[in-house]
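Working notes, structure below.
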Amino acid sequence: MGEQNHSPGKELQHRTRADVPGKKSWHSQAYALGAISNFMSTFLTFPIYKVVFRQQIHAMAVSEAVRQLWHEGPQYFYRGIYPPLLSKTLQGTLLFGTYDSLLYSLSPVGPHSLGHRWAAGLMSGVVEAVALSPFERVQNVLQDGRKQARFPSTFSILKEFNSYGLWGRLSLGYYRGFWPVLVRNSLGSALYFSFKDPIQDGLAQQGLPHWVPALVSGSVNGTITCLVLYPLIVLVANMQSHIGWQSMPSLWASAQDMWYTRGRKVLLIYRGGSLVILRSSVTWGLTTAIHDFLQRKSHSGKEPKD
């Protein structure tokens, strides 16, 4: 019972001390925390992600996507996991570390306003999109079952991209579908960081065990953000599954094709949304909870003695 009786004042006191400028050590911990938590959650939820990807590409039901992966065999089940493991580890590092650095640059003295959290989240999402789009591009090609024969490995995809000219490597290769990625990541980061702490603080005032507010806040906020931006997720998956110089549709043409192939029904665009809820709940819930846990450990170890 002792650990469950954290008062709201104590919760906010820890958060206020985290906002005091000059805590450089916490920034380094934020980078490390993001890397570790995203690595773990990506590995655990990759099978769910792969089923979702097949639904986004082929507009099939969950049972059909699972059956397709089963027929391909276990040797292909974790095909394509290395790019997301690397990219998600880097994503966590950039997302939390860059956000903290930008937030303290915008507002050195806490508490931070909604506008400051939104701006820092938006800019950290831009950095994330620029740095990680190539990883997502390779990952989406690897996970498309139609391209297993032509591109059996990551190296074969990189060889294809590097055979283009400089502009082709960027526009048709590594940064294919960059603009929807930029919008998705910047808005997603802004929404997540804007409301993560308010939700967590509100739940902390209910006298819940200290790990529950962070877990619930990350799960709920991450899930809602992902569902709001889900059409962009589907658009990116479809754009980045194309490869080669021939029949490379533009952004507008890709959006139109996605709309018409889904029968011009929003419900079909959101096919796979139930699994996105599950994956987002696990991923962002764990990430936020681990982040909060390490933050508490950091502050408890440096608590000033009165």
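The values are calculated or read from the model by the stated rules, or taken from the named source; none is laboratory data. Remember, it's a predicted structure, so these values are computed and weren't measured experimentally. Every residue, glycine among them, receives a Cβ derived from its backbone with ideal geometry; neighbour counts consider all protein chains shown. With ligands, DNA and RNA removed, areas are computed over all heavy atoms of the protein, side chains included. Shrake-Rupley method; radii C 1.70, N 1.55, O 1.52, S 1.80 Å.
Simple spin-label model, 7 Å along Cα-to-Cβ: residue 44 to residue 270 in nm?
It works out to 2.7 nm between the two label points.
With a 1.4 Å probe and all protein chains left in place, how much accessible area per residue does region 24-293 have, in Å²?
Here the residues of region 24-293 average 45 Å² of exposed surface.
How many percent of the alpha carbon pairs in region 24-293 exceed a separation of 25 Å?
Working: 16643 of 36315 pairs.
Beyond 25 Å sits 46 percent of the P(r) for region 24-293.
So which of 50/159; 88/159; 159/265; 88/196 end up more than 27 Å apart, counting from Cα to Cα?
With Cα atoms farther than 27 Å apart: 159/265.
Work out, step by step, the length gained on full extension between residue 227 and residue 166: first 0.36 nm times the residue separation, then minus their alpha carbon distance; give nm to one decimal.
This chain segment gains 18.4 nm when fully extended.
Can you pull the one-decimal nm distance between simple spin-label points at residue 146 and residue 130, each 7 Å off the Cα toward Cβ?
Computed distance between label sites residue 146 and residue 130 equals 3.3 nm.
Note down the nm distance, to one decimal, between modelled labels 7 Å out along Cα→Cβ at residue 71 and at residue 201.
Using points 7 Å along Cα→Cβ, the separation is 5.4 nm.
Give, rounded to the nearest 20 debye, the magnitude of the charge dipole that region 24-293 has about its Cα centre when Lys and Arg contribute +1 at Cβ and Asp and Glu contribute -1 at Cβ.
Working: 21 positive and 11 negative charges, 157 e Å.
Around 760 debye, computed over region 24-293.
Counting pairs of alpha carbon atoms under 8 Å apart in space and at least six apart in sequence, what relative contact order in percent does region 24-293 give?
Reported as a whole number, the value is 26 percent.
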